[in-house]
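Colleague: Following this message is one structure expressed as structure tokens.
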Ligand SMILES: C[S@@+](CC[C@H](N)C(=O)[O-])C[C@H]1O[C@@H](n2cnc3c(N)ncnc32)[C@H](O)[C@@H]1O
């Protein structure tokens, strides 16, 4: 996963078109993945602001920067993406963000804030997961299960749905209320247009590949999503002993014979603040 995430960060930086002497703001910087790679690319002349709501992640990246001798190139700001208050208007060349907008309900407010801090001609480069199709699949499964006649022996799909519903919203209403599932790549383009960006470029990548999880024990302990409990916790702990046994009997061979597929949908958006 680390390799895949690093590739996403590199695409974000390719589209950011960083150059020496520039100022970069990485929003929702996490452990500093994008920011550290940017410094590796450009060198000591790049100034970088790392912003995040998490004090502990900022402290972590600050100590890594100190160990690497690049502390002076960086400014660490604890703030929310919609209010980058300590960054002056029209003061930075590039804003990057990866897997942050997806968590935030008001994406337009965030893009408006990016535009505020960018210099005229400055660039924004974003990569966000698109989870709507996953939620639509969970919703289709719910409709299928709800339509099963009472007492039918399609227990597997009922259990599968109970698991999936811990990962994704599965009704139209809950999908539209969840910031992770209520937008598409096209919406991101529209938000960029509506907030006054120009030269907008969207690349939407869909990669479908066999799941990297091929062990039942690993499946029980992992979660594909930060908010979802692993299968071993929920709902497996809520299944009865019989349900657990039945679910494992049907599902485990599929996992261990590599029959599971995973789809990754990532939207890459880059755009420029107009010169005038
Ligand atoms: C999936 S991580 C991505 C971290 C980093 N961008 C990366 O590429 O590794 C999401 C990050 O967004 C941060 N975050 C969550 N809500 C935020 C907000 N309102 N404003 C800024 N950052 C936020 C989290 O603390 C976390 O570091």
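Colleague: Using only DSSP helix segments of four residues or longer, with each worth -39500 (n - 2.57), what per-residue ellipticity at 222 nm results for the chain after dividing by its residue count and rounding to 500?
Modeller: Calculated from helices alone, the mean residue ellipticity at 222 nm is -12500 deg cm²/dmol.
Colleague: If you don't mind, another one. Using only alpha carbons, build the gyration tensor for the stretch 1-120 and give me the equivalent ellipsoid semi-axes, biggest first, whole Å.
Modeller: Largest first, the stretch 1-120 gives 19, 16, 15 Å.
Colleague: If R0 is 41 Å, what FRET efficiency do you get for residue 137 and residue 75 from their C-beta distance, rounded to 0.05?
Modeller: After rounding to 0.05, the efficiency reads 0.45.
Colleague: Right, here's the next one. Provide the percentage of antiparallel DSSP beta bridges, counting only those with both residues in the chain; round to the nearest 5.
Modeller: 45 percent
Colleague: Angle between the Cα long axis of helix 155-164 and the longest principal axis of the chain, 0 to 90 degrees, nearest 10?
Modeller: That works out to roughly 20 degrees.
Colleague: Project the alpha carbons of the stretch 130-224 onto their principal axes and report the range along each, largest first, in whole Å.
Modeller: Computed over the stretch 130-224, the largest-to-smallest principal extents equal 56, 32, 19 Å.
Colleague: Taking 45 Å as R0, compute the FRET efficiency from the Cβ-Cβ separation of residue 155 and residue 59 and round it to 0.05.
Modeller: It comes to 0.40.
Colleague: Let me ask another. Which residue fluctuates the most in the chain, going by a Gaussian network model with Cα springs under 10 Å, if the choices are 35, 65, 209?
Modeller: Looking only at 35, 65, 209, the biggest GNM fluctuation is shown by 209.
Colleague: Let me ask something else about it. With springs only between Cα atoms under 10 Å apart, run a GNM on the chain and tell me which of 100, 241, 34 wobbles the most.
Modeller: Of the options given, 241 has the highest mean-square fluctuation.
Colleague: What's the center-to-center distance, using Cα atoms, between the stretch 245-270 and the stretch 147-167 in Å?
Modeller: Using only Cα atoms to place each centre, the spacing works out to 17 Å.
Colleague: Next question. Need the C-alpha centroid separation for the stretch 1-59 versus the stretch 91-113, integer Å.
Modeller: Centre-to-centre distance over Cα atoms comes out at 14 Å.
Colleague: Using only Cα atoms and rounding to the nearest 10 degrees, what angle (0 to 90) does helix 33-42 make with the longest principal axis of the chain?
Modeller: Taking Cα atoms only, the helix is inclined about 40 degrees.
Colleague: Can I ask one more? What ranking do 82-91, 124-133, 177-186 get when scored by the average of other Cβ atoms within 10 Å per residue, highest first?
Modeller: Result, highest mean first: 124-133, 177-186, 82-91.
Colleague: Another question, if that's okay. Measure off 7 Å from each Cα along the Cα-to-Cβ vector at residue 83 and residue 20, then give the distance between these two points in nanometres to one decimal.
Modeller: 4.0 nm
Colleague: Fewest to most neighbouring Cβ within 10 Å: what's the order for 103, 268?
Modeller: 103, 268
Colleague: To the nearest 0.05, what FRET efficiency results for residue 7 and residue 261 with a Förster distance of 22 Å applied to their C-beta separation?
Modeller: After rounding, the FRET efficiency stands at 0.70.
Colleague: Using only Cα atoms, tell me the angle between helix 107-117 and the longest principal axis of the chain; keep it within 0 to 90° and round to the nearest 10.
Modeller: Approximately 20 degrees, to the nearest 10.
Colleague: Which ordering of 176, 56, 61 is given by a fewest-first count of other beta-carbon atoms within 10 Å?
Modeller: Ascending Cβ contact count within 10 Å gives the list 56, 176, 61.
Colleague: Let me ask something else. Over 18 Å apart: what share of the alpha carbon pairs of the stretch 57-210 falls there, rounded to a whole percent?
Modeller: That tail contains 69 percent of the Cα-Cα pairs.
Colleague: Distances longer than 21 Å among the Cα atoms of the stretch 203-276: what percent of all pairs is that?
Modeller: Percent of Cα pairs beyond 21 Å in the stretch 203-276: 43.
Colleague: Would you compute, for the Cα atoms of the chain, the largest minus smallest coordinate along each principal axis and list the three values in descending order, in whole Å?
Modeller: Here the Cα extents, ordered largest to smallest, are 67, 41, 29 Å.
All of the numbers you see were taken from the coordinates with simple rules; none came from a lab. Here the structure is a predicted model, which is why all the values come from computation and not from measurement. Note that we place each Cβ from the backbone using ideal geometry, even for glycine, and neighbour counts take in every protein chain shown.
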